[in-house]
Every structure is written in C-alpha cells, then in structure tokens.
Amino acid sequence: GESVGLHLPTLSVQEGDNSIINCAYSNSASDYFIWYKQESGKGPQFIIDIRSNMDKRQGQRVTVLLNKTVKHLSLQIAATQPGDSAVYFCAVPYSGAGSYQLTFGKGTKLSVIP
Amino acid sequence: DGGITQSPKYLFRKEGQNVTLSCEQNLNHDAMYWYRQDPGQGLRLIYYSQIVNDFQKGDIAEGYSVSREKKESFPLTVTSAQKNPTAFYLCASSLGTGDYEQYFGPGTRLTVT
C-alpha cells in the first residue's frame with residue numbers, strides 16, 4: 001500500500017506569517033493529492049487538491065506545491081490566522097486496484113501564536 | 001442541508017458490551033468509509049463500502065462489523081472482541097467511481113471503561 005509521512009508533527013507560527021506544511025509520499029504512481037484540515041474534536045474538511053499533471057495550485061490563502069521528482073508536496077497558508085489552528089493531513093489514493101480509498105498521513109498540528 | 005451526520009457525539013460503554021455507531025449521509029454518495037483516529041495519529045481505515053449491500057475490510061477491521069443495507073446509512077458496530085475500542089470514530093463518504101474526495105462527518109468519541 002501507499003505510505004504517507006509528514007516532516008514535522010507540530011508547527012508554531014506567528015499570526016500574520018506564512019505557514020508551510022510538508023508531506024512526503026512513497027508511490028511514484030500517485031496521481032492525486034488532497035489536503036484536509038481537522039479542527040479539534042471535529043471531522044476533517046477538504047482544503048485543496050492537486051493532480052499530478054500540475055506543480056502548483058492556489059486556493060483562497062492556500063497554495064499546494066507538488067514535486068514529483070522527490071515525491072513531496074507542501075501546503076502553504078498565507079497570512080496565517082488563529083482560525084487556521086488545526087491538524088493538517090495530506091492524503092493520497094490507495095494503490096490497490098479498483099479502490100477509491102485514501103491513505104492519510106499522521107498530520108501536522110499547526111498552532112498560531114497571536 | 002446536505003452532509004454526513006454521526007450520532008451520538010460522545011458515547012460511553014462498559015467493557016464487554018457491543019456498541020453501534022450511526023452514520024447517515026444525504027449526499028447521494030455511493031461509497032462510505034469508517035476510520036478510527038487515536039490521539040496524535042492519522043486516520044486508519046476500518047471498513048469501507050463502495051455500493052449498497054457490499055463492504056470490504058480495511059486495515060484494522062478486527063473487532064468491528066458493518067452493514068450497508070441502504071445507500072444513506074453505514075452503521076459501525078464495535079464488538080467486545082475489539083481489544084482497545086476507546087477512540088474517535090469518523091465516517092466519510094465519496095461519490096465513488098472516479099472521485100477520491102471524501103466528505104467527513106463530525107465524529108463520535110467512544111470511551112469504553
């Protein structure tokens with residue numbers, strides 16, 4: 001199966017600064033990647049996704065960068081706000097045939113310092 | 001409002017008792033999933049169902065059972081055989097064929113003492 005890992009389990013940033021959360025994946029055939037945000041005690045929420053035919057995708061205050069050469073993706077949050085405090089997961093499709101499962105990383109906990 | 005509901009939000013049980021967690025969706029999604037989340041951990045797949053009346057074991061199915069009699073509903077039973085049942089349980093759904101994005105419910109925190 002796929003394995004997904006994050007580089008840092010925790011990240012603290014000052015309010016207003018940019019945040020960068022990193023994720024590595026093992027399957028070079030992975031063609032789709034999702035970032036989820038999970039606030040304390042709640043279910044994960046979709047933030048942004050990217051397909052392997054792209055290197056970069058931007059949303060509202062978020063950007064995902066994909067480096068297929070080193071099997072690495074990152075989530076950048078611009079002008080981080082207290083409401084961004086949460087655990088962020090990257091997910092990739094499970095490599096099993098005929099399945100639409102996702103494999104999730106362990107998550108990075110982002111703390112925003114006011 | 002479309003979405004996924006899980007009930008109850010908090011559940012307490014004594015060891016040795018089976019307990020069923022509810023998951024309902026009105027998104028008309030074919031696929032549904034159950035995950036377990038432990039503190040500081042990612043999501044681990046318990047069971048998934050790609051279509052009504054069919055379901056498959058995930059990575060940690062031992063001690064759990066599911067049913068999928070209706071498209072909207074995918075209840076999870078935590079049996080007394082599950083050795084460490086205290087955890088946060090998340091249900092999700094997705095369109096199914098050709099779509100990976102999963103929509104999550106609010107979760108049920110189960111405590112077994």
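The values are calculated or read from the model by the stated rules, or taken from the named source; none is laboratory data. Everything numeric in this text was worked out from a predicted model, so none of it was measured. Because the Cβ atoms are built from the backbone with ideal geometry, glycine has one as well, and the counts that use them run over all protein chains shown. All accessible areas refer to the heavy atoms of the entire protein, side chains included, with ligands and DNA or RNA removed. Shrake-Rupley method; radii C 1.70, N 1.55, O 1.52, S 1.80 Å.
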Select from the range A:26-50 the residues that are within 11 Å of chain B (Cβ to nearest Cβ), more than 13 Å from the chain's Cα centre (by Cα) and either under 17 Å from A:Gln81 (Cα atoms) or touching a residue at least 12 places away in the same chain (Cβ under 8 Å) (or both) and list them in ascending order.
-> A:Ser30, A:Asp31, A:Glu39, A:Ser40
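State which residue is farthest from the chain's Cα centre (by Cα) when the search covers only the range A:83-113 and only residues that are polar (S, T, N, Q) and assigned to a loop (DSSP other than H, G, I, E, B).
A:Ser99
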Assess whether B:Tyr10 counts as being open to solvent by less than 30 Å² (accessible area, probe 1.4 Å) and under 30 Å from A:Pro9 (Cα atoms).
-> no
Checklist (1) within 14 Å of chain A (Cβ to nearest Cβ); (2) in contact with a strand residue (DSSP E or B) (Cβ under 6 Å, 6 or more places away or on another chain) applied to B:Ser73, failing item = (1)
Single condition B:Phe88 does not satisfy, out of (1) without any contact (Cβ under 8 Å) to a residue 40 or more places away in the chain; (2) at the interface with another protein chain (Cβ under 10 Å from one of its Cβ atoms); (3) not charged (D, E, K, R) = (1)
Of the criteria (1) buried (at least 17 other Cβ atoms within 10 Å of the Cβ); (2) under 29 Å from B:Tyr47 (Cβ atoms), which one A:Glu39 fails | (1)
Given the conditions (1) away from chain A (no Cβ under 11 Å); (2) under 22 Å from A:Pro93 (Cβ atoms), and given that B:Gly58 satisfies all but one, which numbered condition is not satisfied?
-> (1)
Residues of the range B:47-66 satisfying the condition of being closer than 22 Å to B:Thr5 by Cβ and either touching a residue at least 24 places away in the same chain (Cβ under 8 Å) or open to solvent by less than 40 Å² (accessible area, probe 1.4 Å) (or both) = B:Tyr47, B:Tyr48, B:Ser49, B:Gln50, B:Ile51, B:Gly58, B:Tyr64, B:Val66
Given the range B:1-100, what strands (runs of 3 or more DSSP E) lie entirely inside it while holding 2 or more residues that are over 23 Å from A:Phe46 (Cβ atoms)?
-> B:10-13, B:19-25, B:54-57, B:64-66, B:76-78
Within the range B:77-102, the count of residues that are closer than 16 Å to B:Tyr48 by Cβ, at pLDDT below 95 and under 16 Å from the mean Cα position of the chain (by Cα) comes to 2
Failed item, numbered, when A:Val4 is tested on (1) modelled with pLDDT of 95 or more; (2) closer than 30 Å to B:His29 by Cβ = (1)
Which of the residues belonging to the range A:67-82 are farther than 13 Å from A:Ser28 by Cβ, of a type outside the set (Val, Ile, Thr) and assigned to a loop (DSSP other than H, G, I, E, B)?
-> A:Ala78, A:Ala79, A:Gln81
Over the range B:37-46, the set of residues at pLDDT 90 or above, within 11 Å of chain A (Cβ to nearest Cβ) and open to solvent by less than 70 Å² (accessible area, probe 1.4 Å) is B:Gln37, B:Asp38, B:Leu43, B:Leu45
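Return the only residue of A:Thr69, A:Thr108, A:Thr103, A:Thr10 being open to solvent by 70 Å² or more (accessible area, probe 1.4 Å) and within 11 Å of chain B (Cβ to nearest Cβ). If you could, list the steps in order and put the result at the bottom.
On the way: A:Thr69 fails: within 11 Å of chain B (Cβ to nearest Cβ); A:Thr108 fails: open to solvent by 70 Å² or more (accessible area, probe 1.4 Å); A:Thr103 fails: open to solvent by 70 Å² or more (accessible area, probe 1.4 Å).
Exactly one residue qualifies, and that residue is A:Thr10.
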